[in-house]
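Reading through the structure tokens given below for one structure.
The values are calculated or read from the model by the stated rules, or taken from the named source; none is laboratory data. Since we're looking at a predicted model, the values are computed, not measured. Cβ sites come from the backbone with ideal geometry, for glycine too, and all protein chains shown count toward neighbours. SASA here: full protein model, heavy atoms, side chains in, ligands and nucleic acids out. Shrake-Rupley method; radii C 1.70, N 1.55, O 1.52, S 1.80 Å.
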Amino acid sequence: MTESLRFDENGLEMQDHEVMTMLSFWYVVDRRWFDQWKEFVETGDQNSTSFPGQIDNAELFEDLDSYHLKDRLVEDEDFVLVPAEAWHKLLAWYGIADDQPPLERKVVDLPSTLKVEVYPIEIFLCLHSNMENVITAKFSRTDSIRESVCGAMCQAFSVPPGSECRLWMKSSDSSCERLRNVHMSVLDACLSSGMTVIMETRNADGTWPSSRPQIMRNSVEEQDSYRGQPGVCGLTNLGNTCFMNSALQCLSNTPPLTEYFLQNSYVDELNFTNPLGMKGEIAEAYADVIKQMWSGRHYSVVPRVFKTKVGHFASQFLGYQQHDSQELLSFLLDGLHEDLNRVKNKEYIELRDADGRQDQEVAEEAWRNHLRRNDSVIVDTFHGLFKSTLVCPECHKVSVTFDPFCYLSVPLPVSKERVMEVFFVSLDPYAKPVQHRVVVPKAGKVSDLCSALSEMTSVPPTQMVVADVFNHRFYKIYNMGESLSAILDRDDIFVYELSVLEEQPEEQVLLALYLRERSHYRDYGSGGGSYGTSLFGHPLLLNVPRSSCSQEALYNLFLQRLANGSLSQTEPSCSGDANSADDIDPSEQSGGPAEADGSSEPPAEQPHKPTEEENEEDKQEEACSPSPPANEHPAKRRACHVRRKRLFSIQAVNSNGTTERGMGEGGTQPYVAIDWEPDMKKRFYNENEAEKYVKDPSMEVPQQHMTVQLQQCIELFTTVETLEEENPWYCPVCKKHQLATKKLDLWSLPEVLIIHLKRFSYTKFTREKLDSIVEFPLRDLDFSGFLLRKTLSSEEPPSRYDLIAVSNHYGGLRDGHYTTYAKNKDNGQWYYFDDSKVTYATEDQITSAAYVLFYQRQDKIRKPTLPAPNTGPASSTQTSNDTASCKDDEDDAGPSAAASASSITMETE
Ligand SMILES: [Zn+2]
């Protein structure tokens, strides 16, 4: 096996996703397990402590009963995909923990790409005649409605063959639509997880049961009478689509674009032949949504067709991962532009370098050239021009180009500090772990973390050791010199205080201690007939004199460390416990025979690994007090002439907490586990106490967010920067790639200026969200200072802008929620759009969460044609709670209960 493992090491290398073929299966594997396995294989040392143990996907599941995958797991961060062949080898070699089901996923042929479908669609199925009986079923996006969905329903509900059926689909917001074309795929029908498919069969008299109106009301039709302010209309969340809704609301409230669509100007400009476009489909789907939103007839619109079209042309927006409203905006502006490009045949234009010509001349030439290939309502509204100047560091060649832009991505000043939350475990066995919030240099080392913590705890950094705890074991024990960037914010970092020992450092052992519970049955599957074990509780790190690594010494040491309340308050008293009557042997003192159990061998090199026999012996012969000896009154101790079972036994294990392999070869970290018999654990180990921790006052101090001005961000955008290694510039003089300096300057600005605040910072090693508060003006944002071109004539439009819309992002990288503030073009009132809900907003609310800003140039802003609505306190909210969802509670409790439960996810975030 050893041989084959090494041999196959390369064979298991991840194949590129390009080799995915239809019909192939891939398997989801926990990324941490996979990393550990890779480390294990790379070291080439079969005994290394990185032995990964059984494949364990436990962290990927919501719970271990349903084995439901957690939402929004990210590939290469939470999990990796391995091809079937590799999976079967891994499974044969390592097995899988706790009988977890393999996560087999198939490759699906989506409209624009092949993709491993990590999350199949999960929908509810029921019959119209019995909506109480709902079953859950999973389908691939490529499954056909007719064969897969109908098939599954006919089978599950025993529908007589030959019955005439029709299907309805009900979304989480309870709108119900007929699913007319059963020849479509699940994807094209826009079925998404959480929806319910209802099947009805035709009555014998030829009527359909659903013609009785109370259930199959179409919520859209029902709202026909609604006549609200056009544009004040929510967008239903179709399952993690708040990012799309937010981008759509910003665009919908961009007056020139919306008027273009409402006046049907787009019809004549649809470009069906542009190979860069989407055959007009994106533009038409967008037009439909906008017309519905501005009809004044709906409280909320379901942008289902639009979403499908987006998914068709950009499959990255299909998945469950949290998407970025800016990414979608960028895709959409480009898609609408190409679909509406008035240039039918793009000519080839050779770009000329400035070659020392005047900026004005070069800029005009660049803009003319841009318009020769790109001419659309998007260009008219959103495109501007910036100047880019590159200077070669070697020959000082200066290259000037003028490039169009559709939005400005401006950087945020980055803090050089980082706030970390860690648990400090002190030596005091009665103290609970304390959660601290410390400020460390972002580019700092583990030692900086210890220094910061030292200031709060007065424990010297030299007496600390930092570890990443994961699944009751040490995922990694850090060295002081390691970079803090290796630690992610979501890692559980424990810092342990180490005792000061008199011994020389080389006479000390840093011992990693795990807690395990034995199962009742021998686990013959793992070979060797050892007991099956599972880890629990928090692991510990302690330094121990090499000389006291005997079983007995360790036992007492561990007992002392566990005193912190995790040992049950109802410890058995030393005498008269009926349960332990069998163990009583008055002739022996506590701890007596242990010295003779062979534990004097040097355990650090080869930590003592008791055989099964020895363990049995331990239990029968050894005597020991279950309460911490250190705290025991001598008299009481003397009186304790009882022998009882040990609370636990000690085993040498590997880093994974398993016993089979990796028994610390010289120099590597020793790991031991204390094994509890289930009944002993139940009696003496208080799991509730052990899980408790306290919060240091530093946790209560609200986190300080940096406040910056939008103008500072724009200045940063125009600051000289040096190109990065990954993205060098080819210098035509030196004839090689150079890390040139680059400077951007704004030349001309569009009517509507989109400013994207780069809150998300992705590097190879880190992903973070910058929570700085950006202060931006609501009106009179003056760009004249930022424009390179000084105003030449009085005909030039002024460079003053007013805010018209903001896309907000709340929350972290992955669990975020998007909403929008926007100003209605007709009545000048600000509204807050949160998926299907719309409420009045005031200008002072528009603040901290801003992510994308829409500004309109003042000379283009038209006065509102309607008076602002009365937003006095009495009527300060205009909720658009769709009537359908209210009534929904009254009728069909079955499917709606299930459906609305799943709809909560986005709305409540
Ligand atoms: Zn050069």
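Please report the accessible area of Tyr555 (heavy atoms, 1.4 Å probe, ligands and nucleic acids excluded) in Å², nearest 10.
Approximately 0 Å² of Tyr555 is accessible to the 1.4 Å probe.
At 7 Å along the Cα-to-beta-carbon direction for both Ala84 and Thr741, put a label point, then send me their distance in nm to one decimal.
5.8
Quote the accessible area belonging to Asp99 in square angstrom, nearest 10, computed with a 1.4 Å probe and with ligands, DNA and RNA left uncounted.
Estimated to the nearest 10 Å², Asp99 gives 140 Å².
For Ser784 and Glu721, what is the calculated FRET efficiency with R₀ set at 30 Å and r taken between the beta-carbons, to the nearest 0.05?
FRET efficiency, Ser784 to Glu721: 0.80.
Evaluate E = 1/(1 + (r/R0)^6) for Cys154 and Val305, where r is the Cβ-Cβ distance and R0 equals 45 Å; express this FRET efficiency to the nearest 0.05.
Working: r = 28 Å, r/R0 = 0.62.
Efficiency at R0 = 45 Å is approximately 0.95.
Let's test the formula: R0 of 35 Å, r as the Cβ-Cβ distance of Lys138 and Val267. What FRET efficiency results, to the nearest 0.05? Please report the intermediate quantities before stating the final value.
Working: r = 41 Å, r/R0 = 1.18.
Computed FRET efficiency for Lys138 and Val267 comes out at 0.25.
So between Arg490 and Arg72, what do we pick up on full extension, going 0.36 nm a residue minus the alpha carbon distance? Mind dumping the intermediate values first?
Numbers: separation 418, 0.36 × 418 = 150.48 nm, distance 1.50 nm.
Contour length minus the Cα-Cα distance gives 149.0 nm.
Do you know the relative contact order of segment 43-146, to the nearest whole percent, from alpha carbon pairs under 8 angstrom that are 6+ apart? Intermediate results must be reported in sequence, preceding the final value.
Numbers: 86 pairs, mean separation 19.2, N = 104.
For segment 43-146, the relative contact order is 19 percent.
Pop out the ³J(HN,Hα) list for segment 346-352 in order, Karplus 6.51 cos²θ - 1.76 cosθ + 1.60 with θ = phi - 60°, rounded to Hz; leave Gly and Pro as x.
Those phi angles translate into 7, 7, 7, 10, 7, 7, 9 Hz.
Excluding same-chain residues fewer than 8 positions from Lys89, which lysines have a Cα within less than 16 Å of its Cα?
Of all the lysines, those that pass the test against Lys89 - Cα under 16 Å, at least 8 places apart if same chain - are Lys38.
At a Cα cut-off below 18 Å, give the lysines reachable from Lys682, other chains included and same-chain residues fewer than 8 away excluded.
Within the straight-line cut-off, Lys682 pairs with Lys619, Lys645, Lys692.
Could you bin all the Cα-Cα distances of segment 140-182 into 5 Å bins starting at 0 and give me the percent of pairs in each, rounded to whole numbers?
5, 19, 25, 26, 19, 5, 1
Largest first, how would Leu778, Leu333 line up by accessible area (1.4 Å probe)?
Details: Leu778 40, Leu333 0 Å².
The ordering from most to least exposed comes out as Leu778, Leu333.
Residues with amide H under 5 Å of Val838's amide H, sequence separation 5 or more or different chain, H placed in the peptide plane at 1.01 Å from N; which?
Placed amide hydrogens put Ser880 under 5 Å from Val838.
Long-range amide H contacts for Gln508: which residues qualify at under 5 Å (H placed 1.01 Å from N, peptide plane, sequence gap of 5 or more or a different chain)?
Sorted by chain and number, the residues that satisfy this are Arg546.
Over the heavy atoms of Cys165, what accessible area does a 1.4 Å probe trace out, to the nearest 10 Å²?
Rounded to the nearest 10, that gives 50 Å².
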